[in-house]
Amino acid sequence: MNEHTNHIHILNSYLCPNTPDMDSIVVKDSNGTVLKEGDAVILTKSLDPKGTSVKLKKGMTIKNIHLTDDEEEIECRVEKVRLVIKTCYVKKA
């Protein structure tokens, strides 16, 4: 490998770090059930998110979840507020 090729390899690894694909991430709820994009979940614990007046009560159903890059978090929309919730507080509906 010549010097020019080595610089290109270093530059490519800097610009495109090895990040996991969304297909390779397996997101599981508190019971170990696999969650998929668009699933509905039920809260297993009442939560009081900081920075908003929204109250999340135990047993509340949240529809149309979005998976994130972190296998321990999901995104959702509750009362027009986008929230990130830990998967240990939800179970698949």
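A few points about this structure:
- Residues in the range 50-66 that are in contact (Cβ under 8 Å) with a residue 12 or more places away in the chain and of a type in the set (Lys, Arg): 57, 58, 63.
- Only a single criterion out of (1) open to solvent by less than 90 Å² (accessible area, probe 1.4 Å); (2) modelled with pLDDT of 95 or more is not satisfied by residue 58, namely (1).
- Condition met for residue 34 (more than 12 Å from residue 89 (Cβ to Cβ) and modelled with pLDDT of 50 or more): yes
- In the range 29-51, residue farthest from the chain's Cα centre (by Cα) [restricted to those that are surrounded by fewer than 17 Cβ atoms within 10 Å (Cβ to Cβ) and of a type in the set (Val, Ile, Thr)]: 44
The values are calculated or read from the model by the stated rules, or taken from the named source; none is laboratory data. Everything quoted here is computed from the prediction, not taken from an experiment. With ideal geometry, Cβ positions are generated from the backbone for all residues, glycine too; neighbour counts draw on all protein chains shown. Just the protein is used for accessible areas: all its heavy atoms, side chains included, with ligands, DNA and RNA removed. Shrake-Rupley method; radii C 1.70, N 1.55, O 1.52, S 1.80 Å.
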